Amino acid sequence: MDEPLEIEQEGVGTPAWAAFGDLMAGVLGAFVLVLAAALVGQLDLANKLQAEVAQRQAEQARREALERALAGPLADGRITLSDGRIGISGAVLFAIGSDQLHADGRALIKSLALPLRTYLSQRDEILMVSGFTDDRGMLSGKGGTKFADNWELSAQRALTVTRTLMAEGLPPDAVFAAAFGPQQPVASNDEAAGRALNRRVEIAPTPRPRRAAASAP
């Protein structure tokens, strides 16, 4: 009488173990998928961090190269260098409301041409020359200026510096002018000292734009 019961119990137990095995296989498969996703995510994060570190190192190297090239003017305080931008006070370069370089200002720009040309020859970059003003309106009438507004004044000052650099040997395709007028002040325009700081010219190396490939005839 015991033998048939044993056979019946084995018949009942076998499907249960099979279902348990299927369940464990499913759990293991899910675990493998989660682990694979985590590894892929960590690899992607590691690649991003590596790229960011490389970018920062390249930026630091660029700044150090620019500092070495401009060591002389930086040492005597004629220019500033911040975040890779060369700053020159407007008072050093121009009279109030004028786009004509002072003699000392012209000499300063000429002294920058050679180190900047050497710097550019070693890198795939170009120079952006930017003009900035304070927020005071332009004087008109007798004793005023010939410019319609601060935008025009900042543009002409940037062009003056750009043309002087080109006259000193910088290739025309390695430098361009930009005008910001009273925008992007570095100090408050409420005081004379702040307005003097805002009247400035900046020269900043930027990546050279990639030329589109010529279309096939």
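Do the conditions hold for Ala91, that is, is it more than 24 Å from Asn189 (Cβ to Cβ) and either of a type outside the set (Lys, Arg) or open to solvent by less than 60 Å² (accessible area, probe 1.4 Å) (or both)? Spelling it out, it is not the case that Ala91 is more than 24 Å from Asn189 (Cβ to Cβ) and either of a type outside the set (Lys, Arg) or open to solvent by less than 60 Å² (accessible area, probe 1.4 Å) (or both).
For segment 171-196: of the residues being of a type in the set (A, V, I, L, M, F, W, C) and more than 22 Å from the chain's Cα centre (by Cα), which is surrounded by the most Cβ atoms within 10 Å (Cβ to Cβ)?
Start the filter on segment 171-196 by keeping residues that are of a type in the set (A, V, I, L, M, F, W, C), which leaves 174-180, 186-187, 192-193, 196.
Now narrow it down to the ones that are more than 22 Å from the chain's Cα centre (by Cα): 192-193, 196.
Details: Ala192: 9, Ala193: 9, Ala196: 14.
The selected residue is Ala196.
Yes/no per residue for (1) farther than 16 Å from Ala204 by Cα; (2) surrounded by 12 or more Cβ atoms within 10 Å (Cβ to Cβ):
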residue	(1), (2)
Leu33	yes, no
Ala36	yes, no
Gly41	yes, no
Ala46	yes, no
Leu49	yes, no
Val53	yes, no
Gln60	no, no
Ala65	no, yes
Leu81	no, yes
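When we screen Ala107, Ala58 for residues that are of a type in the set (A, V, I, L, M, F, W, C) and at pLDDT below 90, the only hit is Ala58. When residues in segment 8-31 are screened for being at pLDDT below 75 and open to solvent by 100 Å² or more (accessible area, probe 1.4 Å), 8 of them pass. The combined condition, being surrounded by fewer than 18 Cβ atoms within 10 Å (Cβ to Cβ) and under 17 Å from Ala196 (Cβ atoms), is fulfilled by Asp135.
The condition of being open to solvent by 30 Å² or more (accessible area, probe 1.4 Å), within 18 Å of Leu70 (Cα to Cα), at pLDDT below 95 and not in a helix (DSSP H, G or I) does not hold for Arg117. Here Ala91, Ala95, Ala65 are screened, and the one residue that is under 21 Å from Thr118 (Cβ atoms) and of a type in the set (Gly, Ala, Ser) is Ala65.
Residue under question is Arg208, and the condition is that it be over 16 Å from Ser89 (Cα atoms), modelled with pLDDT of 95 or more and either of a type outside the set (A, V, I, L, M, F, W, C) or in contact with a Gly (Cβ under 7 Å, 6 or more places away or on another chain) (or both); does it hold?
Numbers: over 16 Å from Ser89 (Cα atoms): yes; modelled with pLDDT of 95 or more: no; either of a type outside the set (A, V, I, L, M, F, W, C) or in contact with a Gly (Cβ under 7 Å, 6 or more places away or on another chain) (or both): yes.
Against the criterion (over 16 Å from Ser89 (Cα atoms), modelled with pLDDT of 95 or more and either of a type outside the set (A, V, I, L, M, F, W, C) or in contact with a Gly (Cβ under 7 Å, 6 or more places away or on another chain) (or both)), Arg208 does not qualify.
Looking at Ile96, Ile86, which is the one that is among the β-branched types (Val, Ile, Thr) and open to solvent by 80 Å² or more (accessible area, probe 1.4 Å)? Even if it seems obvious, please write down each step before you answer.
Working: Ile86 fails: open to solvent by 80 Å² or more (accessible area, probe 1.4 Å).
Residue meeting the stated conditions: Ile96.
Filter segment 120-167 for residues that are among the polar types (S, T, N, Q), in a loop (DSSP other than H, G, I, E, B) and at pLDDT below 95; which is farthest from Lys110 (Cα to Cα)? Applying the filter and picking the extreme gives Ser140.
Assess whether Ile79 counts as being within 27 Å of the chain's Cα centre (by Cα), under 24 Å from Thr164 (Cα atoms), among the β-branched types (Val, Ile, Thr) and at pLDDT 95 or above. Step through it out loud before you land on a result.
On the way: within 27 Å of the chain's Cα centre (by Cα): yes; under 24 Å from Thr164 (Cα atoms): yes; among the β-branched types (Val, Ile, Thr): yes; at pLDDT 95 or above: no.
In short, no.
Whenever a residue of segment 171-190 is closer than 28 Å to Ser121 by Cα, its partners that are open to solvent by 90 Å² or more (accessible area, probe 1.4 Å) and hydrophobic (A, V, I, L, M, F, W, C), lying with C-beta atoms within less than 9 angstrom and at least six residues away or across chains, give the pairs Ala179/Trp151; Phe180/Trp151.
The values are calculated or read from the model by the stated rules, or taken from the named source; none is laboratory data. Just so you know, these numbers come straight off a predicted model, no measurement behind them. As a convention, Cβ positions derive from the backbone with ideal geometry for all residues, glycine included, and neighbour counts pool all protein chains shown. All accessible areas refer to the heavy atoms of the entire protein, side chains included, with ligands and DNA or RNA removed. Shrake-Rupley method; radii C 1.70, N 1.55, O 1.52, S 1.80 Å.
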